[in-house]
């Protein structure tokens, strides 16, 4: 598991850039206007960006829009150790071309857009699922992050970088606990190896390392697995993405398997369904899905990268999201919730 | 100010309904399935609903959509004591028909939809504003809620009803502090007389009442006042609504003047603008605004009401939003952020 948590440890070998303000104080110059979050991202050095493997992308092409324009949605699948049972199923479903010819069936305002087989409830018409899909247990909604690898520092209520020490190697992971004690849904939240994660820790005891468990958070654009009533956990054949205020009550009740990194506007701007829960009332209202493929199968796909959450640039970006000091703002908030610090993603320049 | 804070105090004279579960325990019956939030709202007695005066509504009719369907957006204006300088301007702008013939100029995904005079930046073409608009100071972003009227009970970190005692009359206001200490942006949050409000309190001192200040929160659907760089606070001629995750960093930096109570899908599903900040790059992409009127000027407007946040039904609804116990859920969250407990609004049956 350790390898999944420190994929970018190598980046820490680079010398962290000195924060702009400190650099200017040191040089005796006047303070410049503080940068806006987007300006910090734009100024981030190439070394602070981490590649997203094409094999970790899911590319969904919708039917073209009314004006004949193509509509492509690019999803980044969630890395281990989170939700891997469902992610494995999704890889099989894409390989089997399961979603080709299916559709967007539900658009509920301030909630979700959902897609899959529009006839799934009708046994006579439902598409058959590929064999060998895993039945993933409810316990996989949350993941033990281990006590060997991670030492938790529980005493921080303010926004700052914390160091976590891995076992053996001495490599450090930096992560962002977002006002760790100020979340209505969890003991703490953090952006961990590029993903918004809520965390709980075991009670502190002298001489004992603290055990940490975590689960992904339903932020805007996150992709989850539709399911029937529990204990059903869904296969992954029915997916949705969040298009409104983070529905955090779904955390640990539904699996999250990724996030939309490009093209979410093709989903979020669709007409809202007028049936119960935002389902379309007629098949004609649905938007067709032409194909869904793993990124490595898609020719001509751009390369994508994200701002490494272990980088110094991300530290400055997250701090600026929580404390807007650029000219427009008169009162920095002094904090931010986990979903208000989206991880920047871009096409490789 | 007191009258604004207890408009529904009379409702408290009615006997609160016994919560369903307790009623069944008392009767020795088996516990029924706990109700979902929407079921609690649907079962709320008429007395738990509070009328919204047509004079507190702003009705915006957009140009009909591509299929000739009308598109009406209904906004409830914020009551005193919050943001009344801007609300007063908006009443004058509507009376002057200022927005008739203007347009939706900006749609930024996961952020805002903004409307007003698309030529405002071009002095030669800009529409002239009606006279006598107030210049509202920045200090009005936050409002002193008083110490005479309210005694604050600071020791609750869990979700429960708190009582506040008004001065003199002995009338009590019940409100909902939503995990008062678990908000990343403010000392506390509450739904106060129907609106999401963040609060700060003065330090406690023996024998001294605690002073409370509050400000409205940027939840999904809230309507705010676009402005230029500070100290400009905007007139109200340029408005926006939130169509994504609550951008709480805007709290106390921009005035909030209301919320969309019907028809937000006509804004949230508009094509996203491709210019900077989601502005449309050409006038042709804009959606026209036919008219904006105060509700009392609109013939045939339905009557609207909201679930009184002082009612027992609202208490049960808010608790259910924070602790989903209906069949679909396996793990209640144990809390909710202020923007995940939207105040139910409906047309009067």
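The values are calculated or read from the model by the stated rules, or taken from the named source; none is laboratory data. Computed from a prediction, not measured in an experiment: that's the story for all the values here. When we count neighbours, we look across all protein chains shown, and the Cβ atoms used for this are built from the backbone with ideal geometry, even at glycine.
Structure summary
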| item | result |
| --- | --- |
| Residue tally, condition surrounded by 13 or more Cβ atoms within 10 Å (Cβ to Cβ) and touching a residue at least 24 places away in the same chain (Cβ under 8 Å), over the range A:276-294 | 12 |
| Odd one out for residue B:234, checked against (1) within 11 Å of chain A (Cβ to nearest Cβ); (2) assigned to a loop (DSSP other than H, G, I, E, B) | (1) |
| Restricting the range A:66-102 to residues that are within 14 Å of chain B (Cβ to nearest Cβ) and modelled with pLDDT of 95 or more, the residue that is surrounded by the fewest Cβ atoms within 10 Å (Cβ to Cβ) | A:69 |
| Among residues of the range A:214-231, those that are in a loop (DSSP other than H, G, I, E, B), more than 9 Å from every other protein chain (Cβ to nearest Cβ) and under 16 Å from residue A:198 (Cβ atoms), counted | 2 |
| Residue match in the range A:112-127 (condition: surrounded by fewer than 21 Cβ atoms within 10 Å (Cβ to Cβ), within 14 Å of another protein chain (Cβ to nearest Cβ), closer than 22 Å to residue A:252 by Cβ and touching a residue at least 24 places away in the same chain (Cβ under 8 Å)) | no |
| Positions within the range B:260-271 being within 12 Å of another protein chain (Cβ to nearest Cβ) and either crowded, with 18+ Cβ neighbours inside 10 Å or closer than 23 Å to residue B:185 by Cβ (or both), in sequence order | B:260, B:262, B:263, B:264, B:265, B:266, B:267, B:268, B:269, B:270 |
| Condition check for residue A:316: in contact with a helix residue (DSSP H, G or I) (Cβ under 8 Å, 6 or more places away or on another chain), outside any helix (DSSP H, G or I) and in contact (Cβ under 8 Å) with a residue 24 or more places away in the chain | no |
| Per-region count, the range B:32-64, residues under 19 Å from residue B:260 (Cα atoms) and in a loop (DSSP other than H, G, I, E, B) | 3 |
| Count of residues meeting criterion [within 17 Å of residue B:38 (Cβ to Cβ), more than 7 Å from chain A (Cβ to nearest Cβ) and surrounded by 21 or more Cβ atoms within 10 Å (Cβ to Cβ)] in the range B:322-342 | 2 |
| Among (1) modelled with pLDDT of 80 or more; (2) within 14 Å of chain A (Cβ to nearest Cβ); (3) buried (at least 16 other Cβ atoms within 10 Å of the Cβ), the one test that residue B:182 misses | (1) |
| Given (1) facing chain B (nearest Cβ under 9 Å); (2) in a loop (DSSP other than H, G, I, E, B); (3) farther than 18 Å from residue B:242 by Cβ; (4) in contact with a helix residue (DSSP H, G or I) (Cβ under 9 Å, 6 or more places away or on another chain), index of the condition residue A:274 fails | (1) |
| Conditions (1) out of contact with any strand residue (DSSP E or B) (no Cβ under 7 Å at 6 or more places or on another chain); (2) assigned to a loop (DSSP other than H, G, I, E, B): number failed by residue B:249 | (2) |
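Listed here are the residues, each with its yes/no results for (1) within 22 Å of the chain's Cα centre (by Cα); (2) farther than 22 Å from residue A:269 by Cα; (3) touching a residue at least 12 places away in the same chain (Cβ under 8 Å).
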| residue | (1), (2), (3) |
| --- | --- |
| A:48 | yes, yes, yes |
| A:58 | yes, no, yes |
| A:62 | yes, no, yes |
| A:69 | no, no, no |
| A:75 | yes, no, yes |
| A:83 | yes, yes, yes |
| A:87 | yes, yes, yes |
| A:94 | yes, yes, yes |
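So that you can scan it fast, the table gives a plain yes or no per residue for (1) within 21 Å of residue B:78 (Cβ to Cβ); (2) out of contact with any helix residue (DSSP H, G or I) (no Cβ under 8 Å at 6 or more places or on another chain):
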| position | (1), (2) |
| --- | --- |
| B:296 | yes, no |
| B:300 | no, yes |
| B:311 | yes, no |
| B:321 | no, no |
